Amino acid sequence: MATPSVKPTPLSPPLKDELDIVIPTIRNLDFLEMWRPFFEQYHLIIVQDGDPSKTIRVPDGFDYELYNRNDINRILGPKASCISFKDSACRCFGYLISKKKYIFTIDDDCFVAKDPSGNDINALQQHIKNLLTPSTPHFFNTLYDPYREGADFVRGYPFSLREGAPTAVSHGLWLNIPDYDAPTQLVKPLERNTRFVDAVMTIPKGTLFPMCGMNLAFDRELIGPAMYFGLMGDGQPIGRYDDMWAGWCMKVICDHLGLGVKTGLPYIWHSKASNPFVNLKKEYNGIFWQEKAIPFFQSVSLPKDCTTVQQCYLTLANEVKAKLGEVDPYFVKLADAMVTWIEAWDEVNSPGKKPAKLPNGTSK
């Protein structure tokens, strides 16, 4: 007698109920159709930038909340001043109101990339692998990530350090359009990144890096309050440094607290280069200011009694005001916004705080 065939139960995607996908946008999210096989079972937090009266269309079948500027003002009140307007930095509002342990954030001009064999890359799955395995910030392993299948620690790696450190941030990369600043865009308008490097590495302790926010994941419980993308865009003298600012602050705090940051896989396909002349106007001050800001972050020291991310971040805000405030008054304003951000974080994430009810949120 033939045994009746039984359909296998589909496996639940990893961290399905523990991860939110945060997307900042000013347009309809048709790009999600390409990501449907990878994103559909996860919850999306969409932060609409620009005109709140504009309707943003989200393809059917996705579980999502959509927040616009009116929602941000309603939920945060006066503290909404710390959330940037007309800049992708608005995405950090999604980090603020998420109730999940992990965050993955992606831009709406980022599509599914293919590996050298022609297979679609599940970027989210790779980020999750990165976050769930330790990092090695205290001693560099020359075979890159030693926790990856088929790899290990090389000869001479101290056994006392092989447990590694918790991974707080997974920084992914991009094929096609590189993440260049405006001057580089202008002199290399046709340059494309076609090189797929099959590697993940830990950024060493004491080393800063230029963090890009368009393909990024992090452990919200470990480092969330430090992932503030700054005060940029409309009404500010700078833009396009939001993710850089968050990266510098976050790395200093990760180094202090013994947390790790990985970079490399996964790749996404970055489809659209922004206008270099528009970008230059936004970046102009930052190109000069970064030459003061980076040495500041390289030399800043957090006291031992700073044992939480919030304590570290508030101390950093005071240092920014005292040291970088001499560079330009903007940094005084930014330092104040950093303090407001932490106040908003603690308020929204206080025990017993009810999630905001959204009139324009839609679920499956």
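The values are calculated or read from the model by the stated rules, or taken from the named source; none is laboratory data. Source: prediction; values computed, not measured. Here the Cβ positions follow ideal geometry from the backbone for every residue, glycine too, while neighbour counts run over all protein chains shown. Accessible surface areas use protein heavy atoms only, side chains included; no ligands, DNA or RNA. Shrake-Rupley method; radii C 1.70, N 1.55, O 1.52, S 1.80 Å.
Scanning segment 246-255 for residues that are open to solvent by 10 Å² or more (accessible area, probe 1.4 Å) and not charged (D, E, K, R) gives 248, 252.
I need every pair where a residue in segment 172-183 that is touching a residue at least 60 places away in the same chain (Cβ under 8 Å) has its Cβ under 8 Å from the Cβ of a residue that is of a type in the set (Ser, Thr, Tyr) and in a loop (DSSP other than H, G, I, E, B), sequence separation at least 6 or different chains. Qualifying pairs under 8 Å: 175/194; 176/194; 176/271; 177/271.
Only residues that are surrounded by fewer than 20 Cβ atoms within 10 Å (Cβ to Cβ) and of a type in the set (Lys, Arg): list them for segment 256-281, please. Across segment 256-281, the qualifying residues are 272, 281. Take the conditions (1) open to solvent by less than 10 Å² (accessible area, probe 1.4 Å); (2) farther than 27 Å from residue 49 by Cβ; (3) touching a His at 6+ places or on another chain (Cβ under 7 Å); residue 211 misses just one of them, which is (2).
Number of residues in segment 38-60 that are small (Gly, Ala, Ser) and surrounded by 12 or more Cβ atoms within 10 Å (Cβ to Cβ) equals 1.
Of all residues in segment 298-349, those satisfying the criterion of being in a loop (DSSP other than H, G, I, E, B) and open to solvent by 70 Å² or more (accessible area, probe 1.4 Å) are 301, 304, 305, 307, 329.
Among the residues of segment 192-208, those identified as closer than 21 Å to residue 294 by Cα, open to solvent by less than 70 Å² (accessible area, probe 1.4 Å) and part of a loop (DSSP other than H, G, I, E, B) are 203, 204, 206, 207, 208. Figure legend. Inter-residue proximity from segment 266-279: first residues over 28 Å from residue 131 (Cα atoms), second residues assigned to a helix (DSSP H, G or I) and open to solvent by 20 Å² or more (accessible area, probe 1.4 Å), beta-carbon distance below 6 Å, spacing 6+ or different chains. Indicated pairs: 276/185; 276/186.
When each of 88, 98, 84 is tested for being of a type outside the set (A, V, I, L, M, F, W, C), touching a residue at least 24 places away in the same chain (Cβ under 8 Å), crowded, with 19+ Cβ neighbours inside 10 Å and more than 19 Å from residue 241 (Cβ to Cβ), the lone residue that passes is 98. Evaluating residue 189 against the criteria (1) crowded, with 23+ Cβ neighbours inside 10 Å; (2) part of a loop (DSSP other than H, G, I, E, B) leaves one unmet condition, (1). State which residue is most open to solvent (accessible area, probe 1.4 Å) when the search covers only segment 101-113 and only residues that are part of a loop (DSSP other than H, G, I, E, B) and aliphatic (A, V, I, L, M). If we take residues in segment 101-113 being part of a loop (DSSP other than H, G, I, E, B) and aliphatic (A, V, I, L, M), then 112 is most open to solvent (accessible area, probe 1.4 Å). I need the full set of residues from segment 165-183 which are assigned to a strand (DSSP E or B), touching a Phe, Trp or Tyr at 6+ places or on another chain (Cβ under 8 Å) and not polar (S, T, N, Q), in order please. 168, 169, 171, 172, 173, 174, 175 - these are the residues of segment 165-183 that are assigned to a strand (DSSP E or B), touching a Phe, Trp or Tyr at 6+ places or on another chain (Cβ under 8 Å) and not polar (S, T, N, Q). When we screen 65, 149 for residues that are open to solvent by 40 Å² or more (accessible area, probe 1.4 Å) and assigned to a strand (DSSP E or B), the only hit is 65.
The requirement of being under 15 Å from residue 171 (Cβ atoms), crowded, with 16+ Cβ neighbours inside 10 Å and more than 16 Å from the chain's Cα centre (by Cα) is not satisfied by residue 157.
A count restricted to segment 25-35 and to residues that are within 12 Å of residue 124 (Cβ to Cβ) and surrounded by fewer than 18 Cβ atoms within 10 Å (Cβ to Cβ) stands at 0. If you go through segment 218-275 and pick out every residue that is assigned to a strand (DSSP E or B) and in contact with a Phe, Trp or Tyr (Cβ under 8 Å, 6 or more places away or on another chain), you end up with 10.
Taken over segment 161-186, the criterion of being open to solvent by 40 Å² or more (accessible area, probe 1.4 Å), in contact with a strand residue (DSSP E or B) (Cβ under 8 Å, 6 or more places away or on another chain) and more than 17 Å from residue 271 (Cα to Cα) is satisfied by 166 alone.
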